[in-house]
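Accompanying notes for the structure given below.
The values are calculated or read from the model by the stated rules, or taken from the named source; none is laboratory data. Just so you know, these numbers come straight off a predicted model, no measurement behind them. So basically every Cβ, Gly included, is an ideal-geometry build from the backbone, and we count neighbours across all protein chains shown.
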Amino acid sequence: MLVGISRKIEYSIRTDFFFHLQKLDSSFFTNTRTGSIMALMTNDLEAVRNFLGPGLLHLFNTIFVFITTLTVMFLINVRLSLYSLIAIPLVPVLVSRLGAMLYRRFKKSQEQYAVLSAKTQESIAGMKVVKSFTQEENEKNTFSKLNLDYIKRNLSLARVRSLFWPSMIFVGGIGTTVVLLVGGRQVIDGTLTIGQFVQFSAYIGFITWPLISLGWVINLIQRGSVSMGRINNVFKIKPDITNPPKPAAPETLQGNISFDHVFFRYELSEKTKKLIKENFIDFKDTFTRAIENNWVIKDMSFDIKAGMKVGIVGFTGSAKSTIVNLIPRLYNPQKGKILVDGFDIRSYPLEVLRSNIGYVTQEPFLFSKSIRENILFGKEELLSHLSESEITNKIIEVSKTSHLHEDIRQFPQKYETLIGERGVTLSGGQKQRLAIARALLSEPVILIFDDSFSNVDTNTEELILSDLKQKTFGITTIIISHRISTIKDSDLIMVIDNGEIKEMGKHSELIKKCSIYQSLYYRQQLSEELREEV
């Protein structure tokens, strides 16, 4: 029964843990490796289940057998029973010392397992890069070293575990020896019958086994305690980005966006840092400290009217992506306000705000499902009132707008083609166009393209932009791009440098007055001319 209950508890903890992860801020995942989180959901959770199931079962069994056997022994001979317990005071001492050692060594073992899991996940995900740089041997050596460290920590743990059984047998053996000596003397003196002595000797064997079993139970308890502590520490991490207690903003958006003296830098609370460090020894603390000392966005203010098409350009690392990450509240600014339709975005429920924003990143994440399921992702409930044919027509429509439909028609299974993990069977341009189709399907009020045409050739890009112009009419559209050709027809172009707006205006204005914009434009003109000559 306990084993069955432990399975249900395992299911409940794993589900709650996954739900909790969904609520955590982006900063948590920025500073924590996926493999480390997976280790908590597998190895640590298994240790907790083993304690709650077999561990508690044997603990109750051990206590029950020990108490009942001892009671019968006292009924037979009180004096001899007390002699049999002469070594029992050693048990708490041994359990305390060895238990503490088990706790520390298992914690180190789990930490190393998390590092090993993270390395495995990272190497498999980056296998193409590993092979292209012929780093198979280096990866093998690195993995072997981590694996060897894990084995060493487990052997260190095993050495402590191996002391438990001999220690408990030793304690039980002392009691047995004393019973044989004292009981034998009582038989000789005639104060104890041979039958009672044999019976008592048998009961001594019964209480010795619970003592031996106690070592195994203590091992499970310590392992479960370490693992549950690591899991609980993640539960203690609370997101900074949450729904407002009393939403004051409307449920429908128009698409007006304003930044009012916004300052932002990437940072974690000290409590969150401490909790992450306790459980993930690969916490990227050096990187975090470096960027926390500088503002990524400095005193930024601008207004975007609903339905406008806005372009954002700037050199690499100028904080272009950070600006658009703040709009759907992936992060909160430390100073200033971000307003949507005149309301602070903190006053919107997250679901309302984010469901009205279509966001296409430079490196879109695709699931190992079919093309159709990836385009439909997150919109199943929204389109549930439509028939299958109507949904299919909508999917084809947005795929045509992103100019992916032509490619899909060439696939053997068309829209039912499985694209593999992270869309491995698609080209970079096809991934980006699929992500564009996915964003368009939601019919958002605000549409953000974060360098989403970088892997698309210029001819296809022009066709997509032309179709998007009609499709996104009336939608607030923000396009980040390194290509001036992508954003030159925008209603407003913002030139960003080092987290600040250097200039704003239309293409014709910026080409005359903004040196950064001129530099970007002429470099690209020269690059295109060189390509044409080649």
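Structure data summary
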item: Residue within the stretch 467-478 that is more than 25 Å from the chain's Cα centre (by Cα), surrounded by 13 or more Cβ atoms within 10 Å (Cβ to Cβ) and more than 26 Å from Lys305 (Cβ to Cβ) present; result: no
item: Conditions (1) in contact with a Phe, Trp or Tyr (Cβ under 8 Å, 6 or more places away or on another chain); (2) aromatic (Phe, Trp, Tyr); (3) at pLDDT below 80: number failed by Trp209; result: (1)
item: Helices (runs of 4 or more DSSP H) wholly inside the stretch 1-93 that include at least 3 residues being out of contact with any Cys (no Cβ under 8 Å at 6 or more places or on another chain), among the basic types (Lys, Arg) and surrounded by fewer than 17 Cβ atoms within 10 Å (Cβ to Cβ); result: 2-23
item: Residue identified as in a helix (DSSP H, G or I) and touching a helix residue (DSSP H, G or I) at 6+ places or on another chain (Cβ under 8 Å) among Ile464, Ile448, Ile478; result: Ile464
item: Flag for Leu339 being in contact with a Phe, Trp or Tyr (Cβ under 9 Å, 6 or more places away or on another chain), not in a loop (DSSP other than H, G, I, E, B) and not polar (S, T, N, Q); result: yes
item: Condition check for Leu268: closer than 30 Å to Gln334 by Cβ, at pLDDT 80 or above, outside the structural domain of Asp25 (by TED's automatic domain parsing) and of a type in the set (A, V, I, L, M); result: no
item: Filtered residue count, the stretch 159-168, keeping only those that are at pLDDT 75 or above and either outside any helix (DSSP H, G or I) or within 20 Å of Ile86 (Cβ to Cβ) (or both); result: 2
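Conditions (1) under 23 Å from Gln430 (Cβ atoms); (2) assigned by TED's automatic domain parsing to the domain that holds Ser27; (3) out of contact with any strand residue (DSSP E or B) (no Cβ under 6 Å at 6 or more places or on another chain); (4) crowded, with 21+ Cβ neighbours inside 10 Å, marked per residue:
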{"site": "Asn332", "(1), (2), (3), (4)": "no, no, yes, no"}
{"site": "Lys335", "(1), (2), (3), (4)": "no, no, no, no"}
{"site": "Ile345", "(1), (2), (3), (4)": "no, no, no, yes"}
{"site": "Tyr348", "(1), (2), (3), (4)": "no, no, yes, yes"}
{"site": "Gln362", "(1), (2), (3), (4)": "yes, no, no, no"}
{"site": "Phe365", "(1), (2), (3), (4)": "yes, no, yes, no"}
{"site": "Ile375", "(1), (2), (3), (4)": "yes, no, yes, yes"}
{"site": "Glu380", "(1), (2), (3), (4)": "yes, no, yes, no"}
{"site": "His385", "(1), (2), (3), (4)": "no, no, yes, no"}
